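Encoded as structure tokens, the structure appears first; notes follow it.
The values are calculated or read from the model by the stated rules, or taken from the named source; none is laboratory data. Bear in mind the structure is a predicted one, so any value in this text is a computation, not a measurement. Glycine gets a Cβ as well: all are built from the backbone with ideal geometry, and neighbour counts include every protein chain shown. Side chains included, ligands, DNA and RNA excluded: accessible areas come from the protein's heavy atoms. Shrake-Rupley method; radii C 1.70, N 1.55, O 1.52, S 1.80 Å.
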Amino acid sequence: MSYSSAFLMKRGTIQKIEINNVELPPDELDRKFSRLDLKMHIDDRVVNIEIQVNYEADFKDKTLFDWSKLYSEELSAGDEYGDLKQTICINIINFNAFEYSDYHSHFKVMETNRHEVLSDKLDIHFFELKKIKNSANHKPMEDWLKLINAETEGELMDIETNTQIKEVRDTIVILRELNADEKVKQEAYYRKTSS
């Protein structure tokens, strides 16, 4: 399986995918999910993608904590520290975490005067969905983020019309099919309960 470069990384082979900390079911079917945490092993990197809808005051600290756990759990007894893998945390959040107008913030550990990076093994990204609507760019990453953030059929149609990415269009088709299946299940449930 090949990984798309839409989220910041060169193509690579996914060796393993884990879904952790799933708190998905919303109160109502037409509401957004609250949280999803996806961990992937891609070549010599560990990539964690977290989607967080609800505001968390300590989310930056939580991200550092999550990163440290992911980074350290890759080292087994007898391994060399140099064997530790680059660990990338990608946070897609539906609230503003920074007072900067750009929707993407990228953090590394670096020396404050020379800006020399201590190590490329810490890589943390924040994508603030509330700021993506203000972006007039058409980068592939933005199309994916707009898709994640879409709430209405009109927004999906706008993305579908304007994107150049086949995978984004394919995902919209799948979302519509899933939504249609869910509506059929709901109608069957209501017919059954009302009889």
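Here is how the numbers come out for the structure above:
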read-out	value
Filter result for Ser105 (small (Gly, Ala, Ser), open to solvent by 60 Å² or more (accessible area, probe 1.4 Å), under 24 Å from Thr63 (Cβ atoms) and modelled with pLDDT of 80 or more)	no
Sole exception among (1) surrounded by fewer than 13 Cβ atoms within 10 Å (Cβ to Cβ); (2) over 30 Å from Asn179 (Cβ atoms); (3) not polar (S, T, N, Q) for Tyr55, by number	(2)
